[in-house]
Amino acid sequence: MSLDSLKSRLPHYAPDLRRNLDAVFGRPRLSAQQLWGTVLATAIAARSPVVLRELAPEARANLSPQAYTAAKSAAAVMAVNNVFHRTRHLLSDPGYGELRTGLRMNVLGDPGVARVDFELWSLAVSAINACGACLDAHERVLRKAGLDRETVQEAFRIASVIQAVGVTLDAEAVLADVE
């Protein structure tokens with residue numbers, strides 16, 4: 001299971017996805033931990049069994065056990081936060097923003113890795129889950145921590161490619177059953 005295996009599974013009509021995988025893995029602006037944590041968190045968020053099966057072993061090989069767990073934690077906590085905060089943001093009644101969330105998010109206090117890495121992973125997951133409020137919040141923290149726009153963008157570039165690969169391969173699996 002590997003990135004090469006994932007690329008080989010892409011259909012002939014999606015050569016850009018192969019090139020985009022090469023681009024985000026070929027010359028990353030991120031540290032190895034930031035890259036592979038982003039990959040793992042977004043592979044989980046993309047909900048594609050194929051993508052997760054192919055990329056999780058490489059992520060495990062490139063991350064410390066703490067970082068591997070933290071990336072999974074980022075995907076898990078953002079699955080809650082993105083739905084909650086996106087819904088609050090989309091509702092026209094601003095009174096919901098004044099209510100207590102009443103949800104546990106203790107991992108945000110101590111994610112087990114550098115705060116900037118966890119924030120980057122959270123931003124990438126928020127991109128997949130389309131939560132504008134969470135994207136803004138994480139982007140502000142990352143910029144305040146000194147990351148430039150290009151580095152922040154790298155996280156959602158990865159998220160975009162992982163999501164697209166997952167959608168494409170999952171669609172191909174379904175189409176193979178009906179064609």
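Can you check what the net charge comes to around P28, using other residues whose Cβ is under 13 Å from the Cβ of P28 (Lys, Arg +1; Asp, Glu -1)?
Net charge around P28: 0.
Please list L135, L142, L103 from largest to smallest accessible area, probe radius 1.4 Å, with all protein chains kept in place.
If we order L135, L142, L103 from most to least accessible, we get L103, L135, L142.
Evaluate E = 1/(1 + (r/R0)^6) for A130 and V80, where r is the Cβ-Cβ distance and R0 equals 25 Å; express this FRET efficiency to the nearest 0.05.
0.95
Output the relative contact order of the chain, whole-number percent, from Cα pairs under 8 angstrom with separation of 6+ residues.
Dividing the mean separation by the residue count of the chain yields 32 percent.
Going through the stretch 98-177, which trypsin sites (Lys or Arg not before Pro) have at most 13 other Cβ atoms within 10 Å and a DSSP loop state?
Qualifying residues, ordered by number: R100, R104.
By average Cβ neighbour count within 10 Å, what is the ranking of 84-94, 33-43 from highest down?
33-43, 84-94
In Å², and per residue, what accessible area does the stretch 73-151 have when probed at 1.4 Å with the other protein chains present?
56 Å²
Suppose only helical runs count, i.e. DSSP H with n ≥ 4. What mean residue ellipticity at 222 nm does that imply for the chain under -39500 (n - 2.57) per run, divided by all residues and rounded to the nearest 500 deg cm²/dmol?
-24500 deg cm²/dmol
Ignoring ligands and nucleic acids, what accessible area does D148 show with a 1.4 Å probe (Å², nearest 10)?
Solvent-accessible area, nearest 10 Å²: 60 Å².
Could you work out what % of the accessible surface of the chain is carbon and sulfur, using a 1.4 angstrom probe and leaving DNA, RNA and ligands out of the count?
Whole-percent figure for carbon plus sulfur exposure: 53.
Count neighbours as other Cβ atoms within 10 Å of each site's Cβ, and list the GluC sites (Glu not before Pro) in the stretch 51-152 that are DSSP loop with at most 16 such neighbours.
In loop regions of the stretch 51-152 (DSSP not H, G, I, E or B), there are no sparsely surrounded GluC sites (Glu not before Pro).
The values are calculated or read from the model by the stated rules, or taken from the named source; none is laboratory data. Values in this document were obtained by computation on a predicted structure and should not be read as measured data. For neighbour counting, all protein chains shown are included, and Cβ atoms are generated from backbone atoms with ideal geometry for every residue, glycine included. To get the accessible areas, we keep the full protein, side chains included, count just its heavy atoms, and leave off ligands, DNA and RNA. Shrake-Rupley method; radii C 1.70, N 1.55, O 1.52, S 1.80 Å.
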